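Remarks on the structure that follows.
The values are calculated or read from the model by the stated rules, or taken from the named source; none is laboratory data. It should be emphasised that the depicted structure is a prediction, and the values quoted were computed from it without experimental measurement. Glycine also receives a Cβ, built like all others from the backbone with ideal geometry; neighbour counts cover every protein chain displayed.
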Amino acid sequence: MSNNTTKWLTGCGIGCAVIIAIAVLIIMVGYMLVKNTINEFKETETSTELVEERFGKARDFCPRADGKIEAERMEAFLTVRDSIAGVSAELEKTLLTIAGEIEKAENKEIKPFNMVMNIVGKGIKAIPLMVEFYKVRNYALLETNMGLGEYYYIYILTYYSYLGKPPEDGPDFQLAGDNKDGKKSWHYDDSDEDMDSYKEEVKRERRYRIVKKIHRLFHSMLSCQLEELETSGSLNQKRSLKRKLKNEIQALNENRERIPWQDGLPDIIKQSFEPYKLRLNESYNEMVNAVELNPNRK
């Protein structure tokens, strides 16, 4: 090592040494992660393409003109939910562990540097689990003959509109795509006030991203349903539902924070969900909700 390098390291002190150690560790972890999961990434992309080839893009889904969701489609949705329950539980456990490490640092039970080391270790497992989650879900969709658009449509209406689950549900730290720019980010401050503000901001940003995607999807879906209604159904049914659809589309356009049908689902949709209320509640995973809609993918 040259004298200049030695002097620089001496002058830099332990702070720089820590930064260098973290940088080296991140590079090593990144290499190992890519090496070990590249096939999983490829298979997930392949399965996504298979779903889109068969059913089209998510935004291409068109609900029934009368709004009814048949029992067979609800059973298919719940079958998909059952299929991903195992990987969802593993992902939930990992995210909760990371949240626990952050809480230890907040309570001064662990030094921030040690927290970062622990989180890097846990994060190694989290990313492959997210990839596995999407892959398992894709194959479950193919098996049940359900497109991603129909899955999203039922997911959003059942959990957010019907059961009142918050779209921002998930961990108190940012995941990829949580912020408005869709970028990965990390923040830590040992000030309780700053950390509380950070957690609130995480939730706001996640809600913004997810609701933005919901609006993109539902503008297309409800517009398609309205067109279908023009060519089917009785005259009285047309008038009533057509008015409701137009009002909801307008409400979504005027309020970018609105959840579809947040003032109350049409009776026919609500009746489609009621026999499955308990199973729907049991199938919901608060922590994994943050990755369900994958807001970065259009």
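Matching residues to (1) among the charged types (D, E, K, R); (2) at pLDDT below 95; (3) farther than 19 Å from L78 by Cβ; (4) in a helix (DSSP H, G or I):
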position: K93; (1), (2), (3), (4): yes, yes, yes, yes
position: A99; (1), (2), (3), (4): no, yes, yes, yes
position: E103; (1), (2), (3), (4): yes, yes, yes, yes
position: F113; (1), (2), (3), (4): no, yes, yes, yes
position: P166; (1), (2), (3), (4): no, no, yes, no
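Checking the conditions here, which among A76, A65 is in contact with a Ser or Thr (Cβ under 7 Å, 6 or more places away or on another chain), part of a loop (DSSP other than H, G, I, E, B), at pLDDT 85 or above and among the hydrophobic types (A, V, I, L, M, F, W, C)? Answer to the selection: A65.
Mind checking whether some residue in region 169-183 is part of a loop (DSSP other than H, G, I, E, B), under 24 Å from F77 (Cα atoms) and either at pLDDT 85 or above or in contact with a helix residue (DSSP H, G or I) (Cβ under 8 Å, 6 or more places away or on another chain) (or both)? Looking through region 169-183, at least one residue is part of a loop (DSSP other than H, G, I, E, B), under 24 Å from F77 (Cα atoms) and either at pLDDT 85 or above or in contact with a helix residue (DSSP H, G or I) (Cβ under 8 Å, 6 or more places away or on another chain) (or both). Taking the stated definitions as given, is I249 β-branched (V, I, T), assigned to a helix (DSSP H, G or I), surrounded by 15 or more Cβ atoms within 10 Å (Cβ to Cβ) and touching a residue at least 24 places away in the same chain (Cβ under 8 Å)? Yes; evaluated as a whole, the condition is true for this residue.
In the set (1) closer than 30 Å to T97 by Cβ; (2) part of a helix (DSSP H, G or I); (3) at pLDDT 95 or above, the condition left unmet by K199 is number (3).
Of the residues in region 122-133, at least one is assigned to a helix (DSSP H, G or I) and at pLDDT 95 or above. Of note, E200 satisfies the criterion of being under 18 Å from the mean Cα position of the chain (by Cα) and surrounded by fewer than 14 Cβ atoms within 10 Å (Cβ to Cβ). Restricting attention to region 213-225, does a residue exist that is touching a residue at least 60 places away in the same chain (Cβ under 8 Å), within 12 Å of the chain's Cα centre (by Cα) and either part of a helix (DSSP H, G or I) or within 25 Å of E70 (Cβ to Cβ) (or both)? Yes: one or more hits. The numbered conditions (1) modelled with pLDDT of 70 or more; (2) surrounded by fewer than 18 Cβ atoms within 10 Å (Cβ to Cβ); (3) in contact with a Leu (Cβ under 7 Å, 6 or more places away or on another chain) are all true for Y151 except (2).
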